[in-house]
Structure formats: structure tokens, C-alpha cells
Amino acid sequence: MATTLEQRRAADAWQCAKGQSRDYVNLAKGLPALIMNSGLMQVMAYLHEKGSKEKQAYYRTLAMQLRSWLHGQFRTNTEFEGFMNDLMQADSLRFQAITAEAFAWLRWVRQVSAAVIKP
């Protein structure tokens with residue numbers, strides 16, 4: 001029996017959320033709004049910069065998980081610099097599809113992480 005894309009998103013989000021912190025949940029909840037306001041590329045750069053600081057590994061973790069999911073859907077690069085280059089070189093339809101998929105995956109992450117992670 002084949003799984004739907006929604007089921008695959010949910011399963012991936014579940015695996016990603018396991019063992020994360022409350023900070024991860026809060027970041028996951030706010031990330032869609034950040035992307036809507038600033039754009040996917042700007043937010044990925046923000047996560048990369050914040051995740052490089054000590055004690056803020058959850059930024060780096062969520063960014064890597066998102067890049068990994070998008071790689072599975074669009075064959076984008078999983079490393080930050082390569083991913084950013086992929087986005088810069090994407091035509092507008094591909095860029096919009098990648099952004100829409102980021103929103104769809106994040107919708108699952110924010111809901112699942114709040115359920116999985118204990119307060």
C-alpha cells in the first residue's frame with residue numbers, strides 16, 4: 001500500500017521532532033510566519049547564522065531537517081551553500097514549488113513537535 005505525500009510529511013516530521021527541545025517547538029511554530037514575511041532564502045540564511053552560535057543548535061537542526069526534506073522532494077543540495085545556490089538558480093516556478101513544500105512540511109513539524117515534545 002502506497003503512502004500519500006501527507007503521510008510521508010507527517011512521518012518525517014515525527015522523526016525530526018523526537019528528542020528535540022521546547023526551543024525547537026517554538027522555532028518550528030514561528031518559522032512559517034518568518035518565511036511569509038522575509039522569504040525562504042532569507043530565513044535559511046538566518047537559521048544558518050543563528051545555528052552557528054553556541055547553545056542554539058536547534059536552529060541548525062531544523063534548517064538541516066528542512067533542507068533534507070526538500071532534497072528528497074526536489075533533489076536540492078543538503079548543505080547550506082549548495083542549497084542557497086540551488087534556490088538562486090531556480091526558475092520562479094521551481095522556487096515557488098520549493099517554498100510551498102517547505103510550508104507544507106513545516107505545518108506538520110509545528111503540530112507534531114508540540115505533541116511529541118514534553119513541556
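Values in this text are rule-based calculations from the coordinates and carry no lab data. All values derive from a computational prediction rather than experimental measurement. Glycine gets a Cβ as well: all are built from the backbone with ideal geometry, and neighbour counts include every protein chain shown.
Kirkwood-based Rg over Rh for the chain (C-alpha set), two decimals?
Value, to two decimals: 0.95.
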If I stretch the segment between residue 8 and residue 107 completely, what's the gain in nm (0.36 nm per residue apart, minus their alpha carbon distance), one decimal?
34.4 nm
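About the Cα centre, and with charges only on the beta carbon of Lys, Arg (+1) and Asp, Glu (-1), how big is the dipole of the chain? Nearest 20 debye, please.
Using Cβ point charges on Lys, Arg, Asp and Glu, the chain gives about 480 debye.
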Would you mind calculating the gained length between residue 53 and residue 71 on full extension (0.36 nm times residue separation, minus the Cα-Cα distance), in nm to one decimal?
4.0 nm
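Could you work out the helix-only [θ] at 222 nm for the chain, with each DSSP H run of four or more residues adding -39,500 (n - 2.57) and the total divided by the number of residues, to the nearest 500 deg cm²/dmol?
-26500 deg cm²/dmol
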Give me the distance in nm between label points sitting 7 Å out from Cα along the Cα-to-Cβ direction at residue 94 and residue 79, one decimal.
1.9 nm
